[in-house]
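As structure tokens, the structure follows; a few thoughts come after it.
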Amino acid sequence: MCGILGIIGDQPVAPLLLDGLKRLEYRGYDSAGIATLVNGRIDRRRAQGKLTNLAHLLAREPIAGTVGIGHTRWATHGPPSERNAHPHANDRVAVVHNGIIENFRELRHALQESGHAFETQTDTEVIAHLLADELAAGATPEHAMARALAQLEGAFALAVIFAGHHHLMIGARRGSPLAVGYGEDAMYLGSDALGLAPLTSRICYLEEGDWAVLSPAGARIYDAAGDPVDRPVKQTA
């Protein structure tokens, strides 16, 4: 029952991410973390245990940025630890993930054979490596996401940010819920509406296989075939 929150706008996101994650504590978790873009580069803070540990870390080591993702993790692959906590990141992407990637061992082996070095025991880290591989080959973030999604088997909700792309966040849903929130000069991703409640009351729920490309001005949504689709935006309160 992990929790996801993503924010892209023009205001510092770290305090908002932490507050939103607190609203998702009911889902159960054993570690938490956030990642943002700072001067085009990915910065990250993670902590094992309760969100108070992450809050204390952020007080000691503040993190800037107006685009970021946050996560509360319930361990499935790899024990609870700071190293296994989300977001998982490299110099190109940061990823948070709910669900299970069923073919992660095969993907991990193939990536290791091609020279990728893994830092964690999680299934999620393969997503970061798949995306980095596609980006290194010259793919745009959108094309890299489409190609990575085609290789994944299992259930997932994903939120991804990309180094050098301050006006971009991508989310995807297969088997695990993910909502897109519409704000004023800001957009949001959340594993449920409760985490988004302080930020917006205008919510769009992605359907099975959908993925969404967010900027501060709005969202473009694609179905599993990669075709643009419209999903209804609902007023929650």
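The values are calculated or read from the model by the stated rules, or taken from the named source; none is laboratory data. Quick caveat: nothing in here was measured; it's all calculated off a predicted structure. As a convention, Cβ positions derive from the backbone with ideal geometry for all residues, glycine included, and neighbour counts pool all protein chains shown. When the accessible area is computed, the model is the full protein with side chains, heavy atoms only, and any ligands, DNA or RNA have been set aside. Shrake-Rupley method; radii C 1.70, N 1.55, O 1.52, S 1.80 Å.
The residue that is farthest from P177 (Cα to Cα), counting only those in the range 95-147 that are part of a helix (DSSP H, G or I), touching a residue at least 40 places away in the same chain (Cβ under 8 Å) and more than 19 Å from the chain's Cα centre (by Cα), is A136. Might you check whether a residue that is closer than 19 Å to H71 by Cα, small (G, A, S) and buried (at least 16 other Cβ atoms within 10 Å of the Cβ) occurs anywhere in the range 214-227? Looking for residues that are closer than 19 Å to H71 by Cα, small (G, A, S) and buried (at least 16 other Cβ atoms within 10 Å of the Cβ), one finds none in the range 214-227, hence no.
Okay, residues lined up against (1) in a strand (DSSP E or B); (2) in contact (Cβ under 8 Å) with a residue 60 or more places away in the chain:
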| residue | (1), (2) |
| --- | --- |
| F156 | yes, no |
| H167 | no, yes |
| A172 | yes, no |
| L189 | yes, yes |
| L194 | no, yes |
| L214 | yes, yes |
| R231 | no, no |
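Scanning the range 153-171 for residues that are surrounded by 24 or more Cβ atoms within 10 Å (Cβ to Cβ) and in contact with an Asp or Glu (Cβ under 9 Å, 6 or more places away or on another chain) turns up I170, G171.
Applying the selection to the range 34-59, what residues are open to solvent by less than 10 Å² (accessible area, probe 1.4 Å) and touching a residue at least 60 places away in the same chain (Cβ under 8 Å)? Result: A35, T36, L37. Filtering the range 182-211 to residues that are buried (at least 23 other Cβ atoms within 10 Å of the Cβ) and of a type in the set (A, V, I, L, M, F, W, C) leaves M187, L189, L196, L206, W211.
Name the one entry in Q112, Q151 that is at pLDDT below 95 and of a type outside the set (F, W, Y). Among Q112, Q151, only Q112 is at pLDDT below 95 and of a type outside the set (F, W, Y).
Residues in the range 198-212 that are more than 18 Å from the chain's Cα centre (by Cα) and in a loop (DSSP other than H, G, I, E, B) were compared, and the one that is nearest to G9 (Cα to Cα) is T200.
One line per residue, one yes/no per condition, for (1) among the charged types (D, E, K, R); (2) over 21 Å from L168 (Cα atoms); (3) out of contact with any strand residue (DSSP E or B) (no Cβ under 8 Å at 6 or more places or on another chain); (4) at pLDDT 90 or above:
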residue	(1), (2), (3), (4)
P15	no, no, yes, yes
L24	no, yes, no, no
L37	no, no, no, yes
N53	no, yes, no, yes
E61	yes, yes, no, yes
A64	no, no, no, yes
I69	no, no, no, yes
